[in-house]
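**Student:** Below is one structure. I have some questions about it.
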Amino acid sequence: MLAAWYERPGPAADVRQVGEMADPEPGPGEVGVRVSVSGINPGDTKKRGDWVRHGLPFPRIVPHSDGSGTIDAVGPGVDPGRVGQRVWVHGAQSYRPFGTAAQLTVVPADQAVELPDEVDDETGACLGIPGITAHRAVFGDGPVAGKTVLVQGALGAVGSLAAQLAHWGGATVIGTVKRSGDLDQLGSAVTHPVALDDEKPAEAIRAHAPEGVDRIIEVALSDNADLDAAVAAPAGVIAAYATRRDRPDFPFWPMLFANLTIRLLGSDDFPHEAKRQAAADLTTAAQEGALSIRIGEPSPLHQIAEAHERVDAGARKRVLLAIPQQD
């Protein structure tokens, strides 16, 4: 099979290789997926750069955890009737060496989720890491029907899906962007848009939620902790999936007196049941047309280095690879 890989950390242009590898074979409880589209996330480029300085966990890594395609083989213990099923894939390179930047990948059977006819391959390849993270951020503390949810960074891959899932779940959504010039880019799932360059963003948020917001989906805990504390309702939840500083400060006493919960979200290590429920809900929401994802034109596999660079540069649209099919 044709695949892209790296065997040492570093800039994409320096370490990526594209060539032929042996076809993987599914083991017990696994399925083999013929990949059509590979989704790239910031976590994929961080792993390639060894951002935590732990070294590479495997001698060779085929990157990317997300993708879509068709099951073409099953291992022992998996229903043979799944062969030919369209699926979206998550966690392909989570604690595993070989992800979706290849013509074939192998994943545990429940990480290949049936993709309805109403959902195209490109959308399916975008649901994994950002979708499951967004779902856990929104629903990790129970249903949101009738609640007010604040999504910080509502234009991002996770933030956009979080806003749409919260709306789909019956919440009133307040979404923030950095600059007022970006407000018109927010979708209809955001009931109340707020720009953080507003002179008084806390007052702007409180104008839409006088009693405070019940859930806060946080992309930059280090930057927004004071704002979050100022707008959270008593016993509210701040669900943070990212930060700009690895040791963020936060106003302890105001948060304590409000009995706030800070939930930290690492998508690779969510409980199995949480991932299963997220996958089911994401599939249903996508099938119902409740999810809209801004997707750029997929790049060919041999341009994987350039695609990684676009992710690192903060591309506004999702960056995908179109995987060539085997003859």
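**Student:** What are the semi-axes of the equivalent ellipsoid for the chain, taken as the square roots of 5 times the Cα gyration tensor eigenvalues, largest first, in whole Å?
**Tutor:** Numbers: eigenvalues 250, 88, 63 Å².
Listed largest to smallest, the semi-axes of the chain are 35, 21, 18 Å.
**Student:** Moving on. State, to one decimal in nm, how far the label point of ARG276 lies from the label point of GLU211, with both points 7 Å from Cα in the Cβ direction.
**Tutor:** Going by the 7 Å Cα→Cβ label model, 3.5 nm.
**Student:** Let me ask something else about it. Taking the C-alpha atoms of the range 207-327, how large are the radius of gyration and the largest Cα-Cα span, Dmax, in Å?
**Tutor:** 19.0, 64
**Student:** Please compute the Kirkwood hydrodynamic radius of the range 72-204 from all pairs of different C-alpha atoms, in Å with one decimal. Please report the intermediate quantities before stating the final value.
**Tutor:** Details: mean 1/r = 0.0592 Å⁻¹.
About 16.9 Å, per the Kirkwood formula over Cα pairs.
**Student:** Using 7 Å Cα-to-Cβ label points, what is the ARG82/SER94 separation (nm, one decimal)?
**Tutor:** Label at ARG82, label at SER94, 1.5 nm between them.
**Student:** Using alpha carbon centroids, what distance separates the range 256-327 and the range 74-108, in Å?
**Tutor:** First find each Cα centre; the distance between them is then 17 Å.
**Student:** Further, regarding this structure: How large is ³J(HN,Hα) for each residue in the range 276-292, as worked out from phi by the Karplus curve 6.51 cos²θ - 1.76 cosθ + 1.60 (θ = phi - 60°), to whole Hz, x for Gly and Pro?
**Tutor:** Couplings: 4, 5, 4, 4, 5, 5, 5, 5, 5, 4, 5, 4, 7, x, 7, 10, 10 Hz.
**Student:** With respect to the cross-link table entries LYS46/LYS147; LYS46/LYS178; LYS147/LYS200; LYS46/LYS200, which display a Cα-Cα separation exceeding 27 Å?
**Tutor:** On the way: LYS46/LYS147 35 Å; LYS46/LYS178 23 Å; LYS147/LYS200 23 Å; LYS46/LYS200 34 Å.
Cα-Cα > 27 Å for LYS46/LYS147; LYS46/LYS200; rest within.
**Student:** Right, another one. Per residue of the range 305-314, what does 6.51 cos²θ - 1.76 cosθ + 1.60 with θ = phi - 60° give for ³J(HN,Hα)? Whole Hz please, x for Gly and Pro, Karplus curve as stated.
**Tutor:** 3J(HN,Hα) across the range 305-314, in whole Hz: 4, 5, 5, 4, 5, 5, 4, 5, 7, x.
**Student:** Now for a different question. List the equivalent ellipsoid semi-axes of the range 130-268 in whole Å, largest first, each obtained as the square root of 5λ for an eigenvalue λ of the Cα gyration tensor. Numbers along the way, then the final one.
**Tutor:** Working: eigenvalues 69, 59, 48 Å².
Result for the range 130-268: semi-axes of 19, 17, 16 Å.
**Student:** Could you give the Stokes-Einstein D for the range 1-142 in µm² per second, using the C-alpha Kirkwood radius, 37 °C, 0.692 mPa s? Display every interim value, and only then the final one.
**Tutor:** On the way: Rh = 15.4 Å.
Taking Rh from Cα pairs, D becomes 213 µm²/s.
**Student:** Follow-up. Which of the peptides 275-286, 312-323, 85-96, 4-15 is most tightly packed, and how do the rest follow, going by the mean number of other Cβ atoms within 10 Å of each residue?
**Tutor:** Working: 275-286: 19.9, 312-323: 18.3, 85-96: 22.4, 4-15: 16.4.
Result, highest mean Cβ count within 10 Å first: 85-96, 275-286, 312-323, 4-15.
**Student:** Further question: Given H placed on each backbone N at 1.01 Å, which residues far from ASP72 in sequence or on other chains put an amide H within less than 5 Å of it?
**Tutor:** Distant-sequence amide H within range of ASP72: GLY32, VAL33, ARG34, GLY84.
**Student:** Taking the Cα centre of the range 130-268 as origin, work out the dipole magnitude from +1 charges on Lys and Arg Cβ and -1 charges on Asp and Glu Cβ, in debye rounded to 20.
**Tutor:** On the way: 11 positive and 16 negative charges, 53 e Å.
Dipole about the Cα centre, nearest 20: 260 debye.
**Student:** Here's a follow-up. Which one of THR133, THR243, ALA166 is farthest out on the positive end of the charge dipole of the chain, using unit charges on Cβ (Lys, Arg +1; Asp, Glu -1) and the Cα centre as origin?
**Tutor:** Looking along the dipole axis, the top candidate is THR243.
**Student:** How far apart, in nanometres, would the label points at ALA202 and SER188 be if each is projected 7 angstrom from Cα along the Cα-to-Cβ direction?
**Tutor:** 3.5
Values quoted throughout were computed directly from the atomic coordinates according to the rules given, and no laboratory measurement underlies them. Please read these numbers as outputs of a predicted model, since none were measured by experiment. Please note: Cβ atoms are built from the backbone with ideal geometry, for glycine as well, and neighbour counts cover all protein chains shown.
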